[in-house]
Amino acid sequence: MTLIHVSYGGPDRILYLNGKKWRFEDHPYCGPVVVDKNGDPLKVQPPEGSPFWEHVSYWYQQGKRLDERSNPPWCVWDKPTIQKMRHIGGNNYQLVTK
């Protein structure tokens, strides 16, 4: 008897970033894999410094929210604001909240 295991990565997700559309599947073990229009993984994935990885990380951190009004649903995230620190002497800093 021969067993074949087919691992499906899940539904395609769409991430819009600066006018570019990224289509990827969110694999439960391997994480996001960028795919082409036919759903096949790209032979060359985005490099480590690509903005795709930064923004898909925001999407993960914020609970993988989706905009269900579009078809297929788009990934939704809020870009975090950078916290500002004020040096108050030595190794001491204060968080600037306003």
Candidate set: segment 50-76, residues that are more than 13 Å from the chain's Cα centre (by Cα) and part of a loop (DSSP other than H, G, I, E, B); chosen: the one surrounded by the most Cβ atoms within 10 Å (Cβ to Cβ): P73
Any chance V33 is surrounded by fewer than 11 Cβ atoms within 10 Å (Cβ to Cβ) and of a type in the set (A, V, I, L, M): no
So I88, is it exposed (fewer than 11 other Cβ atoms within 10 Å of the Cβ) and modelled with pLDDT of 90 or more: yes
Matching entry among K79, K37, K43 (being among the charged types (D, E, K, R), within 13 Å of D12 (Cα to Cα) and part of a loop (DSSP other than H, G, I, E, B)): K37
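The values are calculated or read from the model by the stated rules, or taken from the named source; none is laboratory data. Note that the structure is a prediction, hence the values are computed from the model and not measured. Note that each Cβ is placed from the backbone with ideal geometry, even for glycine, and that neighbours are counted across all protein chains shown.
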